Amino acid sequence: MQERGIHSMKELIGIAQPHPITDFMTLSPIKKISSFNYELCSGCGNCARCPYLAIQLDERGLPHSDPALCIGCSICAKKCFTGAISMRVRNPDELALLIEN
Ligand code: SF4
Ligand code: SF4
């Protein structure tokens, strides 16, 4: 730790996280939604493992995001190995469907 200039265990907390980290209190209350580039999508279905059950595959095996369930965590975008998923701003209809309890 000393070789790396770390002087206490407290300094280690969060050190592996990307910088800068957006402070929790400055996060936007308006969640983005996952969006798919079907030209890049291989139809592997991996994104359908969304922990919020927000992604369903259609009959062609292509994913679609449910605006009522997607909380904008972006896990799917980070895990898609073809780079087919990005996060975008919600349109007014999608915004109205975002119900947070
Ligand atoms: S993880 Fe990516 S490539 Fe696989 S189905 Fe989802 S969007 Fe398509
Ligand atoms: S952004 Fe999060 S909640 Fe939304 S579809 Fe992707 S994994 Fe699910």
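The values are calculated or read from the model by the stated rules, or taken from the named source; none is laboratory data. The structure displayed is predicted, hence computed values, not measured ones. Reconstructed Cβ throughout: ideal geometry from the backbone, glycine too, with neighbour counts over all protein chains shown. With ligands, DNA and RNA removed, areas are computed over all heavy atoms of the protein, side chains included. Shrake-Rupley method; radii C 1.70, N 1.55, O 1.52, S 1.80 Å.
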Could you tell me how many of the residues in region 28-48 are at pLDDT below 85 and loosely packed, with under 10 Cβ neighbours inside 10 Å?
2
When (1) modelled with pLDDT of 95 or more; (2) open to solvent by 30 Å² or more (accessible area, probe 1.4 Å) are applied to A54, the one that fails is (2)
Search region 82-101 for residues being within 14 Å of the chain's Cα centre (by Cα) and open to solvent by 30 Å² or more (accessible area, probe 1.4 Å), and hand back the single one that is nearest to ligand 2 (Cβ to nearest atom).
M87
Working carefully through the options S42, S86, find the one that is in a loop (DSSP other than H, G, I, E, B) and polar (S, T, N, Q).
S42
